[in-house]
1. Taking segment 70-107, which residues are within 12 Å of W53 (Cα to Cα), open to solvent by 20 Å² or more (accessible area, probe 1.4 Å), of a type in the set (D, E, K, R) and not in a loop (DSSP other than H, G, I, E, B)?
2. Of these, D73, D90, which one is of a type outside the set (V, I, T) and over 20 Å from A33 (Cβ atoms)?
3. Residues to consider are S54, S25; find the one that is at pLDDT below 95 and either crowded, with 17+ Cβ neighbours inside 10 Å or not in a loop (DSSP other than H, G, I, E, B) (or both).
4. Can you pull out every residue in segment 108-117 that is open to solvent by less than 90 Å² (accessible area, probe 1.4 Å) and either under 16 Å from P88 (Cα atoms) or polar (S, T, N, Q) (or both)?
5. Filter segment 1-53 down to residues that are among the charged types (D, E, K, R) and within 16 Å of the chain's Cα centre (by Cα) and give me whichever is farthest from M83 (Cα to Cα).
Amino acid sequence: QVQLVESGGGLVQAGGSLRLSCAASGRSFSMYAMGWFRQTPGKEREFVAAASWSGGSTLYADSVKGRFTISRDNAKNTVYLQMNSLKPEDTAVYYCAADLEGWGAASNEYDYWGQGTQVTVSS
């Protein structure tokens, strides 16, 4: 079992920055990959970024590449999503997720999910 709790969401103006955090507990954090996804009402959950178990390999959606950075601190059992140059279209509920057996952009590969944190970017 893995429990995930996101924090750091909020309201920010376009062009601003936010850093999301996701604290994990349960199974050894350094043994699985982590990802960030987002979802807006009426749309499917969308991949944002993923990091391998060590953080040495990362993957980004084209829409956030160059603006968002995923990182993880295995000593603190936490994964982060630094979001810069935010745009109104980044508005969504952001979820972190744990993939125990692999890693990638497919949401159905992830085994555990947090409750989500709202990010709202005003124009």
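1. R72, D73
2. Going through D73, D90 in turn, just one is of a type outside the set (V, I, T) and over 20 Å from A33 (Cβ atoms): D90.
3. S25
4. Of everything in segment 108-117, just one residue is open to solvent by less than 90 Å² (accessible area, probe 1.4 Å) and either under 16 Å from P88 (Cα atoms) or polar (S, T, N, Q) (or both), namely T117.
5. Selected residue: E44.
The values are calculated or read from the model by the stated rules, or taken from the named source; none is laboratory data. Owing to the predicted nature of the structure, the values given are computational and were not obtained by experimental measurement. Ideal geometry is used to build each Cβ from the backbone, glycine not excepted, and the neighbour counts take in all protein chains shown. These accessible areas exclude ligands, DNA and RNA; they are computed on the full protein's heavy atoms, side chains included. Shrake-Rupley method; radii C 1.70, N 1.55, O 1.52, S 1.80 Å.
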